[in-house]
1. Which of Gln58, Ile7, Thr88 sits closest to the plus end of the dipole of the chain, meaning its Cα is farthest towards the positive end, when Lys and Arg get +1 and Asp and Glu get -1 on the C-beta?
2. For region 133-148, what does the Karplus curve 6.51 cos²θ - 1.76 cosθ + 1.60, with θ = phi - 60°, yield as ³J(HN,Hα) per residue in whole Hz, taken in order and with x for Gly and Pro?
3. Roughly how tilted is helix 100-123, in degrees to the nearest 10 and between 0 and 90, from the longest Cα axis of the chain?
4. Round to the nearest 10 and give me the degree value, 0 to 90, for the angle of helix 9-39's Cα axis relative to the longest principal axis of the chain.
5. Take the Cα pairs of the chain, get the Kirkwood Rh, then feed it into Stokes-Einstein at 10 °C and 1.306 mPa s and tell me D in µm²/s.
6. Quick one: helix 45-72 against the long Cα principal axis of the chain, what's the angle to the nearest 10°, folded into 0 to 90?
Amino acid sequence: MKTEIGITETNRQLISVEMSKILADENVLYLKTKNAHWNVEGAGFFEMHTFFEIQFGQLDTVIDSIAERIRTLGHFAPATMKSYLALTHLTEKQSEDNDGQGFVKELLADHQSIAIILREHIKSFTEDFHDFGTADFITGLLETHEKMAWFLRAHLK
């Protein structure tokens, strides 16, 4: 059945492509956070292990909501690692060390990078694609990433 929500098919397609890239970024970040949770070592192990668990839980909720937003727009969400790696702007884990500080720095850089991309999309989704719903949705995602980045930065003090 045709999706009739007041956004042209062309615009819904373009938005879905951009949302798929965001979904890919979130999935890569999720796996990097899981890696940190599983493999962190050193002083403060339990605190960092628990902290990363909270963060990947938040990302799991984010991932589901992005995929559902893509479906709401009438398109299919990518759901393979191959597609995520082709779409993401993030890299897989860079550091060889498994210390909490190293994981925190890398995850912080990714959250900040995603926040910048989300911020750039807000204007285009409203002005270029006339999709205030997705713009509002990614504003919420932006706030989530800003807060998660703040929590990560607090560990570096």
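Bear in mind these aren't lab numbers, they're just calculated from the coordinates by the rules spelled out. A quick note: this is a predicted structure, and the numbers were derived from the prediction, not measured. All Cβ positions, even for glycine, are placed from backbone atoms using ideal geometry, and neighbour counts span all protein chains on display.
1. Checking the options against the dipole of the chain, the answer is Ile7.
2. x, 5, 4, 5, 4, 6, 5, x, 4, 4, 4, 4, 5, 4, 5, 4
3. The answer is roughly 20 degrees.
4. With rounding to tens, the tilt is 10 degrees.
5. 98 µm²/s
6. Between the helix axis and the principal axis of the chain, the angle is about 10 degrees.
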